[in-house]
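I have placed the structure first, in the form of C-alpha coordinates, so that the comments after it can refer back to it.
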2 protein chains.
Amino acid sequence: MDNELLKKIVTAVKKELTNKPSVEIEASGRHIHLSRQAIDELFGAGYQLTKVKELSQPDQYVCQERLTIVGPKGSLENVVILGPERSESQVEISLTDARLIGVSAPLRESGDISGTPGIILLGNGHVLSLDKGLIIARRHIHMTETDATRWGLMNKEIVQVKVMSERPIVFDDVLVRVSPDYSTFMHIDYDEANACGHFAGLKGIIIKKSDASD
Amino acid sequence: MDNELLKKIVTAVKKELTNKPSVEIEASGRHIHLSRQAIDELFGAGYQLTKVKELSQPDQYVCQERLTIVGPKGSLENVVILGPERSESQVEISLTDARLIGVSAPLRESGDISGTPGIILLGNGHVLSLDKGLIIARRHIHMTETDATRWGLMNKEIVQVKVMSERPIVFDDVLVRVSPDYSTFMHIDYDEANACGHFAGLKGIIIKKSDASD
(Lines give C-alpha, C1' and ligand atoms only; values in the text may rest on other atoms or scores of the structure.)
Protein backbone atom coordinates (compact mmCIF):
# COMPACT_ATOMS: atom_id res chain seq x y z
CA MET A 1 0.00 0.00 0.00
CA ASP A 2 1.46 3.40 -0.83
CA ASN A 3 2.04 5.93 1.89
CA GLU A 4 -0.44 8.44 0.57
CA LEU A 5 -3.29 5.93 0.74
CA LEU A 6 -2.24 4.85 4.24
CA LYS A 7 -2.22 8.46 5.40
CA LYS A 8 -5.71 8.98 3.96
CA ILE A 9 -7.05 5.90 5.74
CA VAL A 10 -5.49 6.86 9.08
CA THR A 11 -6.96 10.35 8.79
CA ALA A 12 -10.40 8.96 7.94
CA VAL A 13 -10.36 6.47 10.83
CA LYS A 14 -9.14 9.14 13.26
CA LYS A 15 -11.93 11.45 12.12
CA GLU A 16 -14.50 8.69 12.54
CA LEU A 17 -13.32 7.89 16.06
CA THR A 18 -13.04 11.52 17.05
CA ASN A 19 -16.57 12.18 15.84
CA LYS A 20 -18.11 9.38 17.87
CA PRO A 21 -20.13 11.09 20.53
CA SER A 22 -18.48 10.36 23.84
CA VAL A 23 -19.11 11.76 27.26
CA GLU A 24 -17.15 11.81 30.48
CA ILE A 25 -19.03 10.02 33.24
CA GLU A 26 -19.14 11.37 36.78
CA ALA A 27 -20.37 9.39 39.78
CA SER A 28 -22.62 11.46 42.02
CA GLY A 29 -22.60 10.56 45.69
CA ARG A 30 -25.63 11.14 47.88
CA HIS A 31 -26.34 14.84 48.19
CA ILE A 32 -28.87 17.44 49.19
CA HIS A 33 -30.25 20.55 47.48
CA LEU A 34 -31.90 23.02 49.84
CA SER A 35 -34.56 25.67 49.32
CA ARG A 36 -34.24 29.12 50.85
CA GLN A 37 -36.82 28.13 53.45
CA ALA A 38 -34.92 24.97 54.38
CA ILE A 39 -31.66 26.92 54.77
CA ASP A 40 -33.43 29.46 56.97
CA GLU A 41 -34.88 26.71 59.18
CA LEU A 42 -31.63 24.78 59.52
CA PHE A 43 -29.05 27.56 59.65
CA GLY A 44 -30.97 30.75 60.44
CA ALA A 45 -32.80 33.41 58.42
CA GLY A 46 -30.76 34.70 55.49
CA TYR A 47 -27.84 32.28 56.05
CA GLN A 48 -25.55 31.88 53.06
CA LEU A 49 -24.10 28.42 52.35
CA THR A 50 -20.29 28.32 52.20
CA LYS A 51 -18.88 27.35 48.80
CA VAL A 52 -15.84 25.06 49.06
CA LYS A 53 -15.51 23.46 45.62
CA GLU A 54 -16.78 24.06 42.10
CA LEU A 55 -18.55 21.19 40.31
CA SER A 56 -18.36 20.31 36.62
CA GLN A 57 -21.69 22.00 35.94
CA PRO A 58 -21.34 25.79 35.71
CA ASP A 59 -22.30 27.66 38.91
CA GLN A 60 -22.89 24.45 40.87
CA TYR A 61 -20.77 23.89 43.96
CA VAL A 62 -20.13 21.80 47.05
CA CYS A 63 -20.88 23.51 50.34
CA GLN A 64 -18.96 23.22 53.58
CA GLU A 65 -22.15 22.54 55.58
CA ARG A 66 -23.11 18.90 56.04
CA LEU A 67 -26.36 17.23 57.11
CA THR A 68 -27.54 13.85 58.39
CA ILE A 69 -30.31 12.01 56.53
CA VAL A 70 -32.44 10.00 58.95
CA GLY A 71 -34.53 6.91 58.20
CA PRO A 72 -36.28 4.35 60.38
CA LYS A 73 -33.42 1.84 60.16
CA GLY A 74 -30.40 4.12 60.19
CA SER A 75 -28.92 7.40 59.11
CA LEU A 76 -26.46 8.75 56.58
CA GLU A 77 -24.08 11.23 58.19
CA ASN A 78 -21.97 14.00 56.81
CA VAL A 79 -23.99 14.31 53.59
CA VAL A 80 -22.90 17.08 51.29
CA ILE A 81 -25.12 20.02 50.37
CA LEU A 82 -24.83 21.26 46.80
CA GLY A 83 -25.36 24.93 46.04
CA PRO A 84 -26.82 27.20 44.97
CA GLU A 85 -30.18 27.02 46.72
CA ARG A 86 -33.08 25.72 44.66
CA SER A 87 -36.79 26.49 44.55
CA GLU A 88 -37.46 23.15 46.26
CA SER A 89 -35.37 20.95 48.52
CA GLN A 90 -34.32 17.59 47.04
CA VAL A 91 -32.42 14.69 48.57
CA GLU A 92 -30.67 12.28 46.19
CA ILE A 93 -29.59 8.90 47.52
CA SER A 94 -28.75 5.52 46.02
CA LEU A 95 -30.78 2.34 46.34
CA THR A 96 -28.02 1.03 48.62
CA ASP A 97 -28.51 4.08 50.84
CA ALA A 98 -32.30 3.67 50.79
CA ARG A 99 -32.06 0.05 51.95
CA LEU A 100 -29.51 0.96 54.61
CA ILE A 101 -31.73 3.55 56.30
CA GLY A 102 -35.00 1.75 55.61
CA VAL A 103 -36.74 4.14 53.23
CA SER A 104 -38.06 3.71 49.73
CA ALA A 105 -37.27 6.29 47.08
CA PRO A 106 -38.52 6.47 43.50
CA LEU A 107 -36.32 6.76 40.42
CA ARG A 108 -36.86 10.33 39.20
CA GLU A 109 -35.36 12.98 37.01
CA SER A 110 -33.81 15.69 39.16
CA GLY A 111 -36.41 18.39 39.83
CA ASP A 112 -39.39 16.07 39.28
CA ILE A 113 -40.34 15.56 42.91
CA SER A 114 -44.14 15.74 42.98
CA GLY A 115 -45.51 12.77 44.87
CA THR A 116 -42.10 11.68 46.17
CA PRO A 117 -41.60 10.65 49.83
CA GLY A 118 -40.46 13.08 52.48
CA ILE A 119 -37.35 12.65 54.61
CA ILE A 120 -35.87 13.97 57.85
CA LEU A 121 -32.66 16.02 57.82
CA LEU A 122 -30.55 16.91 60.86
CA GLY A 123 -27.95 19.60 61.03
CA ASN A 124 -26.65 22.55 63.00
CA GLY A 125 -28.72 21.35 65.99
CA HIS A 126 -31.98 21.50 64.04
CA VAL A 127 -34.36 18.94 62.60
CA LEU A 128 -35.99 19.59 59.24
CA SER A 129 -38.79 17.34 58.07
CA LEU A 130 -39.26 17.58 54.29
CA ASP A 131 -42.68 16.44 53.12
CA LYS A 132 -41.29 15.44 49.68
CA GLY A 133 -38.09 15.43 47.66
CA LEU A 134 -36.43 12.05 48.33
CA ILE A 135 -35.35 10.49 45.02
CA ILE A 136 -32.92 8.14 43.33
CA ALA A 137 -31.64 10.17 40.39
CA ARG A 138 -32.34 8.80 36.94
CA ARG A 139 -29.12 8.48 34.95
CA HIS A 140 -28.70 11.47 32.65
CA ILE A 141 -26.37 13.49 30.50
CA HIS A 142 -25.98 17.22 30.87
CA MET A 143 -25.15 18.51 27.40
CA THR A 144 -24.13 21.79 25.85
CA GLU A 145 -26.10 23.01 22.84
CA THR A 146 -22.92 22.75 20.76
CA ASP A 147 -22.47 19.05 21.53
CA ALA A 148 -26.19 18.33 21.03
CA THR A 149 -26.09 19.99 17.62
CA ARG A 150 -22.93 18.28 16.36
CA TRP A 151 -24.15 14.87 17.57
CA GLY A 152 -27.74 15.34 16.35
CA LEU A 153 -29.26 14.93 19.81
CA MET A 154 -32.27 16.69 21.26
CA ASN A 155 -33.23 17.78 24.73
CA LYS A 156 -35.14 14.93 26.49
CA GLU A 157 -33.87 12.36 23.98
CA ILE A 158 -33.25 8.91 25.42
CA VAL A 159 -29.94 7.31 24.43
CA GLN A 160 -27.74 4.40 25.40
CA VAL A 161 -24.23 4.90 26.77
CA LYS A 162 -21.65 2.17 26.29
CA VAL A 163 -18.99 1.95 28.96
CA MET A 164 -15.80 0.04 28.22
CA SER A 165 -14.16 -0.77 31.52
CA GLU A 166 -13.17 -3.83 33.52
CA ARG A 167 -16.90 -4.22 34.17
CA PRO A 168 -18.41 -3.10 30.86
CA ILE A 169 -22.06 -2.09 30.65
CA VAL A 170 -24.39 -0.39 28.23
CA PHE A 171 -26.60 1.99 30.19
CA ASP A 172 -29.99 2.11 28.56
CA ASP A 173 -32.66 4.78 29.14
CA VAL A 174 -30.17 7.60 29.56
CA LEU A 175 -31.88 10.99 29.51
CA VAL A 176 -30.19 13.76 27.53
CA ARG A 177 -30.72 17.23 28.98
CA VAL A 178 -29.56 20.10 26.78
CA SER A 179 -29.11 23.59 28.17
CA PRO A 180 -26.85 26.61 27.69
CA ASP A 181 -26.29 26.33 31.46
CA TYR A 182 -24.66 22.91 31.20
CA SER A 183 -21.30 21.47 30.37
CA THR A 184 -21.31 17.98 28.85
CA PHE A 185 -21.06 15.26 31.52
CA MET A 186 -23.01 12.11 32.27
CA HIS A 187 -24.12 11.55 35.86
CA ILE A 188 -24.69 8.17 37.45
CA ASP A 189 -24.99 7.23 41.11
CA TYR A 190 -22.61 5.08 43.13
CA ASP A 191 -24.54 1.85 42.59
CA GLU A 192 -24.22 2.39 38.86
CA ALA A 193 -20.61 3.51 39.22
CA ASN A 194 -19.69 0.37 41.16
CA ALA A 195 -21.57 -1.82 38.70
CA CYS A 196 -19.61 -0.45 35.73
CA GLY A 197 -16.16 -0.28 37.30
CA HIS A 198 -16.14 3.53 37.22
CA PHE A 199 -12.95 5.51 37.65
CA ALA A 200 -12.23 9.23 37.42
CA GLY A 201 -12.17 10.31 33.79
CA LEU A 202 -14.10 7.27 32.48
CA LYS A 203 -15.84 8.00 29.21
CA GLY A 204 -18.84 6.39 27.54
CA ILE A 205 -19.90 6.24 23.90
CA ILE A 206 -23.35 7.69 23.23
CA ILE A 207 -25.50 5.44 21.04
CA LYS A 208 -28.68 6.87 19.52
CA LYS A 209 -31.63 4.51 20.12
CA SER A 210 -32.26 4.42 16.37
CA ASP A 211 -28.72 3.04 15.90
CA ALA A 212 -29.04 0.42 18.65
CA SER A 213 -29.47 -3.21 17.61
CA ASP A 214 -32.58 -3.80 19.70
CA MET B 1 -56.51 -9.68 7.54
CA ASP B 2 -58.07 -13.13 7.69
CA ASN B 3 -58.07 -15.07 10.93
CA GLU B 4 -55.87 -17.89 9.64
CA LEU B 5 -53.08 -15.48 8.71
CA LEU B 6 -53.37 -13.70 12.07
CA LYS B 7 -53.13 -17.03 13.89
CA LYS B 8 -50.01 -17.94 11.89
CA ILE B 9 -48.35 -14.62 12.70
CA VAL B 10 -49.15 -14.88 16.42
CA THR B 11 -47.76 -18.42 16.48
CA ALA B 12 -44.60 -17.35 14.67
CA VAL B 13 -44.04 -14.37 16.98
CA LYS B 14 -44.69 -16.47 20.08
CA LYS B 15 -42.20 -19.05 18.87
CA GLU B 16 -39.63 -16.35 18.19
CA LEU B 17 -40.04 -14.84 21.67
CA THR B 18 -40.07 -18.21 23.41
CA ASN B 19 -36.88 -19.26 21.67
CA LYS B 20 -35.01 -16.12 22.67
CA PRO B 21 -32.48 -17.22 25.23
CA SER B 22 -33.50 -15.64 28.50
CA VAL B 23 -32.21 -16.18 31.98
CA GLU B 24 -33.52 -15.42 35.43
CA ILE B 25 -31.20 -13.07 37.27
CA GLU B 26 -30.40 -13.53 40.95
CA ALA B 27 -28.67 -10.91 43.09
CA SER B 28 -25.98 -12.42 45.31
CA GLY B 29 -25.32 -10.65 48.57
CA ARG B 30 -21.93 -10.77 50.22
CA HIS B 31 -21.09 -14.32 51.28
CA ILE B 32 -18.35 -16.65 52.37
CA HIS B 33 -17.24 -20.11 51.24
CA LEU B 34 -15.12 -21.98 53.78
CA SER B 35 -12.55 -24.73 53.40
CA ARG B 36 -12.49 -27.71 55.75
CA GLN B 37 -9.48 -26.20 57.49
CA ALA B 38 -11.25 -22.85 57.98
CA ILE B 39 -14.34 -24.57 59.43
CA ASP B 40 -12.13 -26.55 61.82
CA GLU B 41 -10.35 -23.38 62.97
CA LEU B 42 -13.52 -21.35 63.47
CA PHE B 43 -15.96 -23.95 64.74
CA GLY B 44 -13.84 -26.90 65.90
CA ALA B 45 -12.39 -30.00 64.27
CA GLY B 46 -14.90 -31.92 62.18
CA TYR B 47 -17.72 -29.36 62.67
CA GLN B 48 -20.54 -29.65 60.15
CA LEU B 49 -22.18 -26.42 58.94
CA THR B 50 -25.95 -26.26 59.49
CA LYS B 51 -27.99 -26.12 56.27
CA VAL B 52 -30.96 -23.75 56.55
CA LYS B 53 -31.99 -23.03 52.96
CA GLU B 54 -31.41 -24.51 49.51
CA LEU B 55 -30.08 -22.20 46.79
CA SER B 56 -30.98 -22.22 43.10
CA GLN B 57 -27.80 -24.10 42.21
CA PRO B 58 -28.08 -27.83 43.00
CA ASP B 59 -26.51 -28.89 46.33
CA GLN B 60 -25.64 -25.32 47.28
CA TYR B 61 -27.14 -23.97 50.47
CA VAL B 62 -27.23 -21.19 53.03
CA CYS B 63 -25.83 -22.06 56.44
CA GLN B 64 -27.11 -20.95 59.81
CA GLU B 65 -23.62 -19.90 60.96
CA ARG B 66 -22.66 -16.28 60.34
CA LEU B 67 -19.32 -14.47 60.33
CA THR B 68 -17.99 -10.93 60.51
CA ILE B 69 -15.69 -9.64 57.77
CA VAL B 70 -13.18 -7.15 59.19
CA GLY B 71 -11.37 -4.39 57.33
CA PRO B 72 -9.27 -1.42 58.46
CA LYS B 73 -12.19 1.04 58.18
CA GLY B 74 -15.07 -1.10 59.37
CA SER B 75 -16.66 -4.51 59.39
CA LEU B 76 -19.53 -6.37 57.78
CA GLU B 77 -21.49 -8.34 60.35
CA ASN B 78 -23.77 -11.31 60.11
CA VAL B 79 -22.39 -12.41 56.73
CA VAL B 80 -23.83 -15.64 55.41
CA ILE B 81 -21.74 -18.77 54.82
CA LEU B 82 -22.69 -20.83 51.78
CA GLY B 83 -22.22 -24.59 51.85
CA PRO B 84 -20.94 -27.09 51.12
CA GLU B 85 -17.31 -26.58 52.09
CA ARG B 86 -14.87 -25.88 49.25
CA SER B 87 -11.25 -26.73 48.63
CA GLU B 88 -10.34 -23.09 49.32
CA SER B 89 -12.02 -20.36 51.35
CA GLN B 90 -13.39 -17.44 49.33
CA VAL B 91 -15.04 -14.19 50.44
CA GLU B 92 -17.27 -12.40 47.93
CA ILE B 93 -18.17 -8.77 48.60
CA SER B 94 -19.36 -5.84 46.51
CA LEU B 95 -17.38 -2.73 45.66
CA THR B 96 -19.68 -0.83 48.04
CA ASP B 97 -18.70 -3.27 50.80
CA ALA B 98 -15.01 -2.99 49.94
CA ARG B 99 -15.11 0.81 50.21
CA LEU B 100 -17.08 0.63 53.44
CA ILE B 101 -14.53 -1.52 55.25
CA GLY B 102 -11.48 -0.02 53.54
CA VAL B 103 -10.17 -2.94 51.52
CA SER B 104 -9.56 -3.40 47.84
CA ALA B 105 -10.76 -6.51 46.08
CA PRO B 106 -10.21 -7.57 42.49
CA LEU B 107 -12.95 -8.58 40.04
CA ARG B 108 -12.56 -12.34 39.64
CA GLU B 109 -14.39 -15.39 38.46
CA SER B 110 -15.44 -17.45 41.47
CA GLY B 111 -12.70 -19.99 42.27
CA ASP B 112 -9.94 -17.94 40.62
CA ILE B 113 -8.32 -16.60 43.78
CA SER B 114 -4.59 -16.86 43.15
CA GLY B 115 -2.96 -13.54 43.99
CA THR B 116 -6.07 -12.08 45.63
CA PRO B 117 -5.88 -10.20 48.93
CA GLY B 118 -6.45 -11.88 52.27
CA ILE B 119 -9.12 -10.87 54.77
CA ILE B 120 -9.93 -11.35 58.45
CA LEU B 121 -13.03 -13.27 59.53
CA LEU B 122 -14.51 -13.34 63.04
CA GLY B 123 -16.99 -15.87 64.35
CA ASN B 124 -17.77 -18.22 67.20
CA GLY B 125 -15.22 -16.40 69.33
CA HIS B 126 -12.40 -17.08 66.90
CA VAL B 127 -10.39 -15.00 64.46
CA LEU B 128 -9.41 -16.47 61.12
CA SER B 129 -6.94 -14.63 58.92
CA LEU B 130 -7.18 -15.78 55.31
CA ASP B 131 -4.07 -15.05 53.26
CA LYS B 132 -6.10 -14.87 50.02
CA GLY B 133 -9.65 -15.26 48.69
CA LEU B 134 -11.21 -11.79 48.82
CA ILE B 135 -12.94 -11.04 45.49
CA ILE B 136 -15.70 -9.13 43.80
CA ALA B 137 -17.46 -11.76 41.72
CA ARG B 138 -17.45 -11.31 37.98
CA ARG B 139 -21.00 -11.42 36.62
CA HIS B 140 -21.77 -14.84 35.23
CA ILE B 141 -24.43 -17.27 34.11
CA HIS B 142 -24.65 -20.80 35.45
CA MET B 143 -26.09 -22.86 32.60
CA THR B 144 -27.31 -26.40 32.10
CA GLU B 145 -25.91 -28.34 29.16
CA THR B 146 -29.44 -28.52 27.72
CA ASP B 147 -29.83 -24.74 27.66
CA ALA B 148 -26.29 -24.25 26.31
CA THR B 149 -26.99 -26.68 23.47
CA ARG B 150 -30.36 -25.24 22.46
CA TRP B 151 -29.02 -21.69 22.57
CA GLY B 152 -25.73 -22.52 20.85
CA LEU B 153 -23.59 -21.31 23.74
CA MET B 154 -20.30 -22.74 24.97
CA ASN B 155 -18.68 -22.99 28.35
CA LYS B 156 -16.52 -19.84 28.98
CA GLU B 157 -18.32 -17.92 26.20
CA ILE B 158 -18.74 -14.20 26.88
CA VAL B 159 -22.22 -12.81 26.17
CA GLN B 160 -24.26 -9.70 26.80
CA VAL B 161 -27.44 -9.78 28.88
CA LYS B 162 -30.11 -7.18 28.27
CA VAL B 163 -32.25 -6.27 31.26
CA MET B 164 -35.56 -4.52 30.68
CA SER B 165 -36.57 -2.90 33.94
CA GLU B 166 -37.22 0.57 35.29
CA ARG B 167 -33.46 1.01 35.12
CA PRO B 168 -32.57 -0.89 31.94
CA ILE B 169 -29.01 -2.02 31.31
CA VAL B 170 -27.12 -4.28 28.98
CA PHE B 171 -24.54 -6.19 30.99
CA ASP B 172 -21.50 -6.78 28.83
CA ASP B 173 -18.71 -9.27 29.51
CA VAL B 174 -21.01 -11.88 31.07
CA LEU B 175 -19.25 -15.20 31.52
CA VAL B 176 -21.23 -18.33 30.64
CA ARG B 177 -20.36 -21.37 32.75
CA VAL B 178 -21.83 -24.65 31.57
CA SER B 179 -21.94 -27.69 33.81
CA PRO B 180 -24.16 -30.69 34.51
CA ASP B 181 -24.00 -29.50 38.15
CA TYR B 182 -25.75 -26.19 37.38
CA SER B 183 -29.25 -24.92 36.87
CA THR B 184 -29.61 -21.90 34.57
CA PHE B 185 -29.40 -18.63 36.50
CA MET B 186 -27.41 -15.42 36.10
CA HIS B 187 -25.67 -14.04 39.17
CA ILE B 188 -24.89 -10.39 39.76
CA ASP B 189 -23.93 -8.60 42.95
CA TYR B 190 -25.95 -5.98 44.82
CA ASP B 191 -24.23 -3.02 43.15
CA GLU B 192 -25.22 -4.42 39.79
CA ALA B 193 -28.68 -5.35 41.09
CA ASN B 194 -29.29 -1.82 42.35
CA ALA B 195 -27.96 -0.33 39.13
CA CYS B 196 -30.42 -2.33 37.01
CA GLY B 197 -33.52 -2.04 39.21
CA HIS B 198 -33.43 -5.76 40.04
CA PHE B 199 -36.45 -7.49 41.53
CA ALA B 200 -37.10 -11.16 42.34
CA GLY B 201 -37.82 -13.07 39.14
CA LEU B 202 -36.26 -10.47 36.81
CA LYS B 203 -35.14 -12.01 33.55
CA GLY B 204 -32.55 -10.91 31.01
CA ILE B 205 -32.20 -11.66 27.31
CA ILE B 206 -28.90 -13.32 26.38
CA ILE B 207 -27.26 -11.73 23.34
CA LYS B 208 -24.41 -13.55 21.64
CA LYS B 209 -21.46 -11.20 21.07
CA SER B 210 -21.55 -12.00 17.36
CA ASP B 211 -25.15 -10.70 17.26
CA ALA B 212 -24.41 -7.52 19.20
CA SER B 213 -24.34 -4.25 17.27
CA ASP B 214 -20.91 -3.24 18.49
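The values are calculated or read from the model by the stated rules, or taken from the named source; none is laboratory data. On a predicted model such as this, the values are computed, not experimentally measured, just so you know. Ideal geometry is used to build each Cβ from the backbone, glycine not excepted, and the neighbour counts take in all protein chains shown. These area figures cover heavy atoms from the full protein model, side chains too; ligands, DNA and RNA do not enter into them. Shrake-Rupley method; radii C 1.70, N 1.55, O 1.52, S 1.80 Å.
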Per-copy distances of the B:Pro58 label point, shortest first, in nm (7 angstrom along Cα→Cβ): 6.4
³J(HN,Hα) computed for each position of region A:48-60 - Karplus, 6.51 cos²θ - 1.76 cosθ + 1.60, integer Hz, glycine/proline x: 10, 5, 9, 6, 10, 7, 6, 9, 5, 7, x, 6, 9
At 7 Å out from Cα toward Cβ: A:Thr11 inter-copy label distances (nm, ascending): 6.0
Listed residue (B:Gly29, B:Pro168, A:Ala137) projecting farthest to the positive dipole end of the protein assembly as shown, Cβ model: B:Pro168
Cα-centre dipole for region A:65-214 with unit charges at Cβ (Lys and Arg positive, Asp and Glu negative), debye to 20: 160
Cα shape, the protein assembly as shown, gyration tensor, a/c 1.5 rule: oblate
Overall dimensions of region B:113-152 as given by Cα atoms, namely Rg and Dmax in Å: 17.3, 50
Within the protein assembly as shown, percent of DSSP bridges classed antiparallel, to nearest 5: 70
Per residue accessible area in Å² of the protein assembly as shown, where ligands, DNA and RNA are left out and the probe is 1.4 Å: 50
Under 15 Å from A:Lys8, Cα to Cα: aspartates and glutamates that are on another chain or at least 8 residues apart: A:Glu16
Selected from A:Pro72, B:Val159, A:Ala195, residue furthest toward positive end of dipole (the protein assembly as shown; charges at beta carbon): B:Val159
Selection from A:Ser110, A:Thr96, A:Ile207 lying farthest towards where the dipole of chain A points positive, charges on Cβ: A:Ile207
Lysine pair number, Cα distance threshold 16 Å (strictly under), region B:130-214, separation 8 or more or different chains: 5
Across the identical copies, how the A:Pro84 labels are spaced - nm, sorted shortest first, 7 Å along Cα→Cβ: 6.8
Choice from B:Gly83, B:Gly133, B:Gly152 showing the highest fluctuation, given a GNM over chain B with Cα pairs closer than 10 Å: B:Gly152
Rounded, prolate or oblate (a/c below 1.5 giving rounded, otherwise prolate when a/b exceeds b/c) for region B:26-151 by Cα gyration tensor: oblate
Accessible surface of B:Val70 - all protein chains present, 1.4 Å probe, nearest 10 Å²: 40
Estimated dipole of the protein assembly as shown in Debye, rounded to 20 [Cβ of Lys and Arg +1, of Asp and Glu -1, Cα centre]: 500
